[in-house]
Amino acid sequence: MIKYNKIKLDFDDRAIFNDFSLEIVKGEKVVLLGKSGLGKSSLFGLILGFIQPKSGKVLFDGAPVDEHTIWHVRQNVAFVDQDVSIGDYKVSDWFSFVAGIKSNHSLNFGEERVNELMDFFELSHDLLDKDISALSGGERQRVAIIVSVLLSRRVFLLDEVTSALDKNLKKKTADFFIGREDWTVVSISHDAVWLDNPNVKVFDLEKKAWKQ
Amino acid sequence: METIDISVYSLLLVFLLLAVPVILSWVYRLGLIKPLLTSAGRMTIQLVLIGIFLKYLFLWNNALINFLWLVVMILVAVFSAIRGSSMKPGKILVPVFVSFAFATFAVIFYVNIFVIRLDHIFDARYLIVLGGMLLGNSLRGNIVGIDTFYKSLWKDAKKYLYVLSLGATCHEAARPYMKESIRLALKPTIASMATIGIVALPGMMTGVILGGASPEVAIKYQIMIMISIVVSTIISVLLTILMTSRACFTKYGILRSDIFLNKNNV
């Protein structure tokens with residue numbers, strides 16, 4: 001599904017990757033593990049076309065990610081970033097904004113679907129009328145997760161999505177993503193709910209190898 | 001009603017007025033004497049030169065010369081404005097100039113043809129004078145507009161990228177920033193429209209009245225000018241943003257970091 005092929009990447013003259021290769025197969029649940037600065041988020045940035053490698057290729061669903069295919073890639077990947085400040089949007093307005101993006105017009109952002117997900121992730125419905133900036137970190141994380149699910153994509157890139165959640169919700173959220181067989185999920189996380197799950201493969205960025 | 005001329009001798013009395021700030025600066029050690037006198041000197045020389053120049057411009061009243069002079073005015077205005085911008089001049093010079101020239105000419109021609117109904121639409125008195133008014137007032141708004149657009153995009157890079165990842169086109173993701181920067185560019189003009197005549201008598205009106213026209217004529221011109229400024233500002237800001245975006249975004253829809261003079265200081 002996602003393939004990094006001999007990637008070379010620098011950041012501010014510091015080499016992040018040199019001849020880095022990794023393949024993530026369709027339906028796999030993968031956790032990227034490692035200290036900050038090892039390029040975990042850069043791996044997401046490469047798929048999403050936010051950064052380009054100095055050399056090497058990123059393949060998405062068999063096709064190289066380039067300036068033409070990138071728009072298609074972005075329409076097929078759900079990305080949840082670490083705490084993005086959205087600005088002065090009410091939660092419901094934010095959902096409308098995302099639903100209003102042209103390529104998302106066929107998606108179901110209906111009230112019923114939204115409420116169902118709000119219930120699952122234990123958010124009260126009156127949160128919809130609140131400003132996103134007034135929410136707690138954990139609430140914001142769940143709103144971003146709900147948006148990613150509403151997008152109905154099959155590939156998920158999750159950057160520390162369970163970090164601000166309580167123990168119960170961490171488990172529930174991780175299981176929610178791991179449990180869907182058809183979803184390809186790549187998660188950057190240090191949480192045991194991901195790392196200790198037997199259905200998850202862990203890639204250690206320090207050793208640049210799969211953890212056994 | 002003829003305007004009373006100021007004789008050269010009388011003008012010297014005007015310069016005598018400068019003694020007030022000079023003495024005050026000397027007494028209070030304001031350090032303003034040198035900059036004040038240099039600026040007054042520059043102003044006098046520039047105005048004398050432009051006075052002579054305009055005299056001949058009005059005398060010849062040649063369409064091509066008038067047109068070229070307005071182009072020169074736009075060029076000078078664009079250069080002085082982009083010096084105040086936080087973006088690299090090379091990236092924005094051509095788009096700013098083209099959109100500015102387009103907006104200015106479009107509005108002036110509309111006004112000259114349909115409103116004032118000039119027989120000679122390149123008439124120096126109208127072309128040059130109206131052009132100067134439009135330039136002076138909408139250029140600042142234009143620069144505020146593009147500066148705000150790119151600066152806020154840069155500061156909000158994480159959110160912008162996130163919106164791209166949600167499937168948005170470059171245009172969709174940038175639209176909120178475009179909206180905000182155009183609003184900001186037009187804000188001062190809209191605000192001054194609401195208070196004009198009460199808080200301040202605009203220079204245009206003062207000039208027309210001193211020139212011997214009745215206040216009724218002066219207000220009609222003033223209304224025309226204010227609306228022209230709003231229109232030319234919004235056209236030029238929008239065009240500039242659209243025209244610079246090709247050079248300022250990568251083919252992946254990402255804002256380039258090398259468009260700012262100093263990206264750490266945006």
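Positive end of the dipole of region B:62-265, charges at C-beta (+1 Lys, Arg; -1 Asp, Glu), about the Cα centre: which of B:153, B:195, B:72 has its Cα farthest in that direction?
The listed residue farthest towards the positive side: B:153.
At a Förster distance of 35 Å, what's the computed FRET efficiency of residue A:136 paired with residue A:14, Cβ-Cβ distance as r, to 0.05?
Values: r = 35 Å, r/R0 = 0.99.
FRET efficiency, residue A:136 to residue A:14: 0.50.
So which aspartates and glutamates pass the test for residue B:187, namely a Cα distance under 19 Å, with those fewer than 8 places away in the same chain ruled out?
Within the straight-line cut-off, residue B:187 pairs with B:147.
Normalised by the number of residues in chain A, what is the relative contact order in percent for Cα pairs under 8 Å and 6+ residues apart?
Values: 344 pairs, mean separation 59.3, N = 212.
Value for chain A: 28 percent.
Based on the alpha carbons, how large is the Rg to Rh ratio for the protein assembly as shown when Rh follows Kirkwood?
Computed over Cα atoms, the ratio is 1.13.
Test of understanding: extend the Cα→C-beta vector of residue B:242 to 7 Å, then name every residue of region B:126-162 with backbone N under 18 Å from that spot.
B:142-143, B:145-147, B:149-150
On C-alpha positions alone, give me the angle between the axis of helix B:33-60 and the longest principal axis of chain B, in degrees, nearest 10.
Between the helix axis and the principal axis of chain B, the angle is about 80 degrees.
Excluding residue B:168 itself, what net charge comes from residues whose Cβ is under 12 Å from its Cβ, given Lys and Arg +1 and Asp and Glu -1?
Numbers: positive: A:74, A:102, B:159, B:175; negative: B:172.
Combined, the nearby Lys, Arg, Asp and Glu give +3.
Determine, from the Cβ-Cβ distance of residue B:62 and residue B:256 and an R0 of 35 Å, the FRET efficiency 1/(1 + (r/R0)^6), rounded to the nearest 0.05.
It comes out at approximately 0.20.
When N counts the residues of chain B, how does its alpha-carbon radius of gyration compare numerically with 2.2 N^0.38 Å, as a ratio? All intermediate terms of the calculation are to be shown ahead of the outcome.
Working: Rg = 22.1 Å, N = 266, 2.2 N^0.38 = 18.4 Å.
Rounded to two decimals, the normalised Rg is 1.20.
Give the residue list of GluC sites (Glu not before Pro) in region A:57-146 that are DSSP loop and have at most 15 other beta-carbon atoms within 10 angstrom.
A:67, A:122
Calculate how steeply helix B:89-110 sits against the longest principal axis of the alpha-carbon atoms of chain B, using the helix alpha-carbon long axis, and give the answer as 0 to 90 degrees to the nearest 10.
With rounding to tens, the tilt is 60 degrees.
What residues have an amide H closer than 5 Å to that of residue A:79, excluding those fewer than 5 places away on the same chain, when H is modeled at 1.01 Å from N in the peptide plane?
The list, which skips near neighbours in sequence, is A:157.
Which angle between 0 and 90 degrees, to the nearest 10, do you get for helix A:167-178 versus the longest principal axis of chain A when only C-alpha atoms count?
60
As a test of the formula, what do you get for chain B when each DSSP H run with n ≥ 4 contributes -39,500 (n - 2.57) and the sum is divided by the residue count, at 222 nm and rounded to the nearest 500 deg cm²/dmol?
-25500 deg cm²/dmol
How charged is the neighbourhood of residue A:28? Take every other residue with its Cβ under 15 Å from the Cβ of residue A:28, and add Lys/Arg as +1 and Asp/Glu as -1. Please report the intermediate quantities before stating the final value.
On the way: positive: A:3, A:26, A:29, A:154, A:180, A:201, A:211; negative: A:23, A:61, A:181, A:182.
Charge balance near residue A:28 sits at +3.
Using a 10 Å Cβ count of at most 15 others and DSSP loop calls, identify the longest part of chain B lacking such trypsin sites (Lys or Arg not before Pro).
Values: sites that count: B:29, B:83, B:117, B:251, B:256.
So the longest stretch without any such site is B:118-250.
No value in this document is a laboratory result; all are computed from the given coordinates. The structure presented is a predicted model; accordingly, all values stated were derived computationally and were not measured. Virtual Cβ from ideal backbone geometry, glycine too; neighbours counted across all protein chains shown.
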